[in-house]
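K.L.:
I'd like to ask you about the structure that follows.
The numbers here are math on the coordinates, done by the rules we state, and not lab data. Small disclaimer: the values here were computed from a predicted structure and weren't measured. Cβ atoms come from the backbone with ideal geometry, glycine included; neighbour counts cover every protein chain shown.
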Ligand code: ADP
């Protein structure tokens, strides 16, 4: 299996690049942000609880997202691989994912980390908010909080994979296809489990 962690701050382009990867590599896309928004839309107890965190730009508790990912992985008995998008966002989530994948006799192949500067992120998110109506993309204070949360709680996850020699950093500003090309080159060098 080719299992990718697609990593980067809010607005780095994870969703855009995921869409291309899914198509070309036949991978299953697991985005905790999308899953949480679907739960919220369906007004499930999990979705209602998660929204209290999402609307402030804070992280949903680890056990909630880990449980969600665990259930989703089970739904796919024989995948070519997974793209984890927006997960893991904390070191405990990364540790839990390693254990989960080991239970399925597999592992993360690589982390692709998209690097984008702060000002560009804020600009992209405000634009996305205006286009999509997504509430957490419309308020500059919430956006800033999300980027702070990323720097404090999520960035250590990159070190976690670096220690496993699985970190590939890609500059995320430029033409979408050129960035994708860099990702493809990085993927051609990784181990498939
Ligand atoms: P972004 O575009 O900011 O990367 P996502 O769509 O991935 O956002 O996630 C939106 C919100 O959902 C986050 O701000 C957070 O509140 C919550 N969320 C998503 N994934 C996780 C996760 N792995 N752990 C905790 N909270 C999460």
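K.L.:
Determine, from the Cβ-Cβ distance of residue 24 and residue 115 and an R0 of 22 Å, the FRET efficiency 1/(1 + (r/R0)^6), rounded to the nearest 0.05.
P.N.:
0.50
K.L.:
Kindly provide the Kirkwood hydrodynamic radius of segment 9-49 in Å, to one decimal, from all pairs of distinct alpha carbon atoms.
P.N.:
When all Cα pairs of segment 9-49 are included, the Kirkwood radius is 11.5 Å.
K.L.:
Moving on to the next point. Could you give the spread of the C-alpha atoms of segment 58-146 along their three principal axes, from largest to smallest, in whole angstroms?
P.N.:
42, 24, 24 Å, listed from the longest principal axis down.
K.L.:
Going 7 Å from the Cα of residue 91 toward and past its Cβ, which residues in segment 128-169 have a backbone nitrogen under 18 Å from where you end up?
P.N.:
Of the residues in segment 128-169, 149-167 have backbone N under 18 Å from the label point off residue 91.
K.L.:
Still on this model: Could you work out which residue, out of 132, 109, 169, moves most in a Gaussian network model of the chain, that is, has the largest mean-square fluctuation with Cα springs under 10 Å?
P.N.:
Maximum among the listed residues: 132.
K.L.:
Once you treat every alpha carbon in the chain as an equal point and sum by Debye, what is log10 I(q)/I(0) at q = 0.14 Å⁻¹?
P.N.:
Values, matching the q order: -0.79.
K.L.:
Still on this structure: With a Förster radius of 45 Å, plug the Cβ-Cβ distance of residue 105 and residue 131 into 1/(1 + (r/R0)^6) and report the FRET value to the nearest 0.05.
P.N.:
Here the calculated transfer efficiency is 0.60.
K.L.:
For segment 127-193, what mean projected area does the convex hull of the alpha carbons give, in nm²?
P.N.:
The directionally averaged projection comes out at 6.5 nm².
K.L.:
With a 10 Å cut-off between alpha carbons and a GNM built on the chain, which of 113, 94, 135 moves the most?
P.N.:
Highest fluctuation of the listed residues: 135.
K.L.:
Give me the orientation-averaged projected area of the Cα convex hull of segment 1-103, in nm², one decimal.
P.N.:
6.6
K.L.:
Here's another thing I want to ask about it. Quick one: if you take sqrt(5λ) for each eigenvalue of the C-alpha gyration tensor of segment 103-151, what semi-axes come out, biggest first, whole angstrom?
P.N.:
Here the semi-axes work out to 28, 14, 11 Å.
K.L.:
Evaluate E = 1/(1 + (r/R0)^6) for residue 76 and residue 169, where r is the Cβ-Cβ distance and R0 equals 25 Å; express this FRET efficiency to the nearest 0.05.
P.N.:
So the FRET efficiency works out to roughly 0.30.
K.L.:
For segment 55-87 and segment 125-193, what is the separation of their C-alpha centers, rounded to whole Å?
P.N.:
Going from one Cα centre to the other spans 16 Å.
K.L.:
If contacts are Cα pairs under 8 angstrom and at least 6 residues apart, what is the relative contact order of segment 100-180 in percent?
P.N.:
After rounding, I find 41 percent.
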